[in-house]
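The values are calculated or read from the model by the stated rules, or taken from the named source; none is laboratory data. Keep in mind that this is a model prediction, so the values were computed, not measured. To get the accessible areas, we keep the full protein, side chains included, count just its heavy atoms, and leave off ligands, DNA and RNA. Shrake-Rupley method; radii C 1.70, N 1.55, O 1.52, S 1.80 Å.
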Amino acid sequence: MALPSVRSVMRVAIPFISVVGLLSVRVVGASQDSGSVIPAESRPCVDCHAFEFMQRALQDLKKTAYNLDTR
């Protein structure tokens, strides 16, 4: 059985990781207690969290693609 190409893996993985990232940001934000508010100046913005998550996901995808290519 032939392994799927890197492009087909990334075509499926990138939207999946994006959806998981967006859902996890909403879940984390919903689980915080209203009594423990952190001032906006001392916490990173949601965009920064999403950017960091996507950077890590892209690095994981690159590693996976490299591993598939070397096989």
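Quick notes on this one:
- Exposure of Met10 as accessible area (Å², to 10), given a probe of 1.4 Å and all protein chains: 50 Å²
- Solvent-accessible ranking of Arg56, Arg7, largest area first, probe 1.4 Å: Arg7, Arg56
- Computed accessible area, Ser8, all protein chains, 1.4 angstrom probe, square angstrom: 40 Å²
- Computed accessible area, Leu22, all protein chains, 1.4 angstrom probe, square angstrom: 110 Å²
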